[in-house]
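The values are calculated or read from the model by the stated rules, or taken from the named source; none is laboratory data. Keep in mind it's a predicted model, so treat the numbers as computed, not measured. Note that each Cβ is placed from the backbone with ideal geometry, even for glycine, and that neighbours are counted across all protein chains shown.
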Amino acid sequence: MSAKALGPVRRKFAPWNDSSAVPLIQIRDVSKAFGSFTAVNSVSLDIYEREFFALLGPSGCGKTTLMRMLAGFETPSAGSISIAGEDLAGIPPHKRPVNMMFQSYALFPHMSVEKNIAFGLEMDRLPKGEIAARVEEMLKLVKLEEFAKRKPHQLSGGQRQRVALARSIAKRPKVLLLDEPLGALDKKLREETQFELLDLQMALGMTFVIVTHDQDEAMTMADRIAVMNHGQFVQISPPAELYEQPVSKYVADFIGDINLLEGRVTKNERGHIVLGSEVTGGRIEASGETVAGLGDKAWFAVRPEKVSIDLQPPNDPTVNTASGTVWDIGYVGDISVYHVKLDNGGTMRASIANTRRVVERPISWEDKVFLTWAPDSGIVLTK
Amino acid sequence: MKRLSLFNVVSLTLGFTFLYLPIVLLVIYSFNAGRSVAVWGGWSTKWYGSVFESQQLLDAAWITLEVGVLSASVATILGTMAAIALARHGRFHGRTLFSAMVYAPLVMPEVITGLSLLLLFVALNMDRGFWTIVLSHITFTMCFVAVVVQSRLSSFDRSIEEAALDLGCTPFMTFFRITLPIILPAVISAWMLAFTLSLDDLVIASFTTGPGATTLPMKIYSDVRLGVKPEINAICSLMVAVVTIAVVIASVLTKHQEVERERAERLAANAP
Amino acid sequence: MANPFQAQNRRWMVTAIPYLWMVVFFLVPFFIVLKISFSNSEIAQPPYSPVFDFLIDGWDETLDKLASLTTDNYLRLIQDSIYSSSYLSSLWIAGSSTAMMLFIAYPIAYGMARAPKSWRPTLVMMVILPFWTSFLIRVYAWIAILSEEGLLNSALTWLGVIDEPIQILSTNTAVYIGILYSYLPFMVLPLYSNLEKMDDSLIEAAKDLGCTQIGAFWRVTFPLSLPGVIAGCFLVFIPAVGEFVIPDLLGGSDTIMIGKTMWEEFFNNRDWPAASGVAIALLIILMIPIMIFQTNEARQQEAGR
């Protein structure tokens, strides 16, 4: 792939912290039940103009149902949804100011690429010349000019994905909904397309709401991510915050890889927490705040890349440490992950970047090792 | 790649011989110069000539065609509506009764359907004849249409319809601009099925007809009861020929489309 | 801006029109048959009584007429042995020909499913093609083959197998042949569509685990094809029970099947109430197989999703 021009630099963008900002989409206490099954359970959410918002969760968590309620394909059982101040209740899908890009692309198989793109514009009864110009512009945007006359089945998967995208943005909706837009692409194409989508969203200045089960996709593209589980939001945060300050074990475990060390709070004062933990055979020092009181159960969550691994015990006896034996080594290319069986039971993982092309590893299977981590490398979780 | 075993080849050969031999013999003997069904008396096309001279047969054929086209067309519309109701409208009051009514005629013995429709027409005091046959044929063929179209609709990616709605198309227009063009092949084959079922029907038409409306199967039946006649061989061969040609053309056309489509898909798969 | 009620209306009509049609032309006739089966036979037009006309009669007369309804037709069904033997022989002929059909159709469907992929549409078309040609023609074709001076007897005589023609036409054998021939596609197609979908790797897995070819068929292929077997059997059995054309044209005077009996009551004896009674009884007998068939279909559709 040749080097291509990078899109505009992503600006500092955080209207959700600005109390005077007016949200574009307001979801208020929305629930959706199918029979006795509650797919979405009383959720509220504000999404701001020009935001790239991701709904992330495992399949069946209610994220697709929530998106379909935005598009108008499902009616909320309770609660309200409004866009730009207009309540959407009772407004059928074909009259909503949102467009959707479907997971299956849902291209009209009997229409050519340009007819597919023109469809929404024809529905708006735009003049012919304007439709032609807009279709031209869209084809150029997704680099499909030469494929205008082709039928969907004459295109590759990546090309179809771009037609679906062009078709859904042709009407310049206020909000574009994307349902697993990259799900059907292979890994390499998916990564490229992620950045194309980002550039496009910046250039068009549209609000994107994306549904995905792929955490990398959400982390790469979104301004904010809502992690959903069992029909509710677990956490709504920008990617870095989600990774570094998860609110629960569920989020910590769902986003990336994490070690969860169980213990009981023995000290909690002014940003300094100490956990008594059998896992490490002693105490875990942590910095930060927690709502847990003395004696409560809590977990210290630390990412594998923030754990150091060494053959020698640490010089400083006060530092957090756990000893064990190397159980398995996972070589992932850019990093190696060491699975360590702790002497006091349980396992921990530590990862090390493979910065050199070494053949010989200094630490090998069944080596006795010492794991150490800094007090501010992790976070104390109570649930 | 699977390979056919000897057993597979033998069972296919015997099976297709069983299916086709009687029809082939029928066609061959329609060219028999003699009157006998077993003794070959040389080639002749004279029985075909007498078919075209028989006003009764021609009238019956014409009525059958009219009934077929008319009833198949109405049945296609009603059956497609029923299929949409069943496949798209989710749960509605009386859905169970509706689907039972749509599916039951598929296996209902024709004598029962025929009798019950006749008794309805008598109760309504309707003059029996052409129109009562048409009404009866619409009723029993629309069920076949509904089944064919419904199975196409249930294999249809519903998000295609949703995409049209999403782009601002009304539900009504979505049917005509998106759904119908895509399911059209199924609708056409449903029409053909309804048409041939109507052409084929003897029992229901016999019950519901009145004076002056004799369909071709009724005419053939009354002739056959009197014994095998070479003219019947000839007219049957003509019907077989018409159906065969129509089906072969239809399948060659769809096959051609499929080949084109497959080639295009293979091309697309290699594209960047 | 379009009226939203209008869209609702259209949507409602899509269901209502075919619904209404089926109620008028399917459900109501069924109740009329039921009512007439309780009426008396008359030499009149229409040939039964009482004839209800609520608008002319008013309440009192309607009640009188209701009182004159009779169960005689059903008593006759039980007492007259012609009916019970018709039902029994119909069920027997349909049942045994369905069983024979399974033996003939399974190898054909299996062979089709194992044929190279490019042949399969053609093979399917070849099975369907005779089905598109008239049922009557296909039955008729057998008359010429099976009759005493027909092709089969000529061929057998010529081969020296028989000395004088044997009678096949106008016997139950001819009826069996007719049913097997006419309903073959109904059995082959559901079996084929089931076998064709079956994953080859299942058979390979069975063999890999030590099953023989025949063992793999009986322990994997056949049990998995049961929904197709059920569908095929009922598609043959149910209409065959009520079959009229085949026993009438190929069977003899001693071939009694219920469809033929009903036809004769209706057209030859002009006994409409008796014919209605026969129809209702047939429907009750077929209710169970029809329900099994529909449950099987519904389950298949659910599974297909």
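General observations
- Restricting the stretch B:11-37 to residues that are surrounded by fewer than 20 Cβ atoms within 10 Å (Cβ to Cβ) and in contact with a Ser or Thr (Cβ under 8 Å, 6 or more places away or on another chain) leaves a set whose member that is nearest to C:Ile108 (Cα to Cα) is B:Ile23.
- Restricting attention to the stretch B:213-228 and to residues that are closer than 25 Å to C:Glu148 by Cβ and in contact (Cβ under 8 Å) with a residue 12 or more places away in the chain, the residue that is surrounded by the fewest Cβ atoms within 10 Å (Cβ to Cβ) turns out to be B:Val228.
- In summary, B:Leu117 fulfils each of the numbered conditions (1) within 30 Å of B:Gly210 (Cα to Cα); (2) within 18 Å of the chain's Cα centre (by Cα) with the single exception of condition (2).
- Picking from residues in the stretch B:82-103 that are free of Cβ contacts under 8 Å to residues at least 24 places away in the same chain and in a helix (DSSP H, G or I), the one that is surrounded by the most Cβ atoms within 10 Å (Cβ to Cβ) is B:Ala85.
- In summary, helices (runs of 4 or more DSSP H) completely within the stretch C:69-136 and bearing 2 or more residues that are among the small types (Gly, Ala, Ser) and within 11 Å of chain B (Cβ to nearest Cβ) occur at C:81-114.
- Test result for A:Arg190, over 13 Å from A:Val142 (Cα atoms), surrounded by fewer than 15 Cβ atoms within 10 Å (Cβ to Cβ), without any contact (Cβ under 8 Å) to a residue 40 or more places away in the chain and out of contact with any Ser or Thr (no Cβ under 6 Å at 6 or more places or on another chain): no
- Criterion (modelled with pLDDT under 90 and away from chain A (no Cβ under 14 Å)) met by exactly one of B:Val240, B:Val203: B:Val240
- Residue in the stretch B:108-115 that is among the aliphatic types (A, V, I, L, M), part of a helix (DSSP H, G or I) and free of Cβ contacts under 8 Å to residues at least 40 places away in the same chain present: yes
- So B:Ala123, is it at the interface with another protein chain (Cβ under 9 Å from one of its Cβ atoms) and surrounded by fewer than 19 Cβ atoms within 10 Å (Cβ to Cβ): yes
- Among the residues making up the stretch C:261-289, those that are touching a residue at least 24 places away in the same chain (Cβ under 8 Å) and not aliphatic (A, V, I, L, M) are C:Thr261, C:Arg270, C:Asp271, C:Trp272, C:Pro273, C:Ser276, C:Gly277, C:Pro289.
- One residue from A:Ala21, A:Ala78, A:Ala84, A:Ala89 being over 26 Å from A:Asp214 (Cβ atoms), small (Gly, Ala, Ser) and touching a Phe, Trp or Tyr at 6+ places or on another chain (Cβ under 8 Å): A:Ala21
- The residue that is nearest to B:Ala164 (Cα to Cα), counting only those in the stretch A:139-166 that are more than 13 Å from every other protein chain (Cβ to nearest Cβ) and part of a helix (DSSP H, G or I), is A:Leu139.
- Helices (runs of 4 or more DSSP H) contained entirely in the stretch C:151-263, each with at least 1 residues that are surrounded by fewer than 14 Cβ atoms within 10 Å (Cβ to Cβ): C:151-159, C:172-197, C:200-208, C:213-216, C:226-241
- Annotation note: Cβ proximity below 8 Å between a residue of the stretch B:11-36 that is over 17 Å from C:Ala105 (Cα atoms) and facing chain C (nearest Cβ under 7 Å) and a residue that is hydroxyl-bearing (Ser, Thr, Tyr) and part of a helix (DSSP H, G or I) (sequence gap 6+ or interchain) occurs for B:Pro22/C:Tyr181; B:Leu26/B:Ser237; B:Leu26/C:Tyr140.
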